[in-house]
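Chemist: Next up is a structure, given as structure tokens.
The values are calculated or read from the model by the stated rules, or taken from the named source; none is laboratory data. Nothing here was measured: the structure is a model prediction, and the numbers come from that model. Note that each Cβ is placed from the backbone with ideal geometry, even for glycine, and that neighbours are counted across all protein chains shown. For accessibility, only protein heavy atoms count, side chains too; no ligands or nucleic acids. Shrake-Rupley method; radii C 1.70, N 1.55, O 1.52, S 1.80 Å.
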Amino acid sequence: MEGLPRYYTLLFNAVTDALEALQAGEYTKAELLLLNGQHSAEEAYLQETDGE
């Protein structure tokens with residue numbers, strides 16, 4: 001995933017991990033992975049855009 005913004009890859013990886021957790025029946029873990037991915041992606045986006 002070269003050339004993609006960091007926030008995209010953070011969120012993509014969180015979704016991938018959450019899907020694996022869902023397949024394993026780990027629903028709380030999946031929710032936490034998605035929430036953490038959302039927060040991490042948002043922080044990365046703000047850093048890349050200097051909060052604009």
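Chemist: Against the globular-protein guess of 2.2 N^0.38 Å, express the Cα radius of gyration of the chain as a ratio, rounded to two decimals.
Modeler: 1.24
Chemist: What residue among GLY3, GLN23, TYR45 has its Cα farthest toward the positive end of the dipole of the chain, where the charges are +1 on Lys, Arg and -1 on Asp, Glu, each on the Cβ?
Modeler: GLN23
Chemist: Counting each DSSP H run of 4 or more residues in the chain as -39500 (n - 2.57), what helix-only mean residue ellipticity at 222 nm follows after dividing by all residues, to the nearest 500 deg cm²/dmol? Before the final figure, lay out the partial values.
Modeler: Details: 2 runs with 40 residues, N = 52.
Value at 222 nm, helices only, nearest 500: -26500 deg cm²/dmol.
Chemist: How far, in nm, would the chain grow between GLN38 and THR9 when pulled straight, counting 0.36 nm per residue and subtracting the alpha carbon separation?
Modeler: Values: separation 29, 0.36 × 29 = 10.44 nm, distance 1.12 nm.
9.3 nm is the gain from fully extending GLN38 to THR9.
Chemist: Related question: Of the accessible area of the chain, with the probe set at 1.4 angstrom, what percent is carbon plus sulfur? Please list the in-between numbers first.
Modeler: Working: 2150 of 4100 Å².
Result for the chain: 53 percent of the exposed heavy-atom area is carbon or sulfur.
Chemist: Then there's this: LEU22 accessible area, nearest 10 Å², 1.4 Å probe?
Modeler: 80
Chemist: With only Lys, Arg, Asp and Glu charged, each at its Cβ (+1 for the first two, -1 for the last two), find how big the charge dipole of the chain is about the Cα centre; round to the nearest 20 debye. Don't skip to the end; give the middle numbers.
Modeler: Details: 2 positive and 10 negative charges, 38 e Å.
Approximately 180 debye in magnitude.
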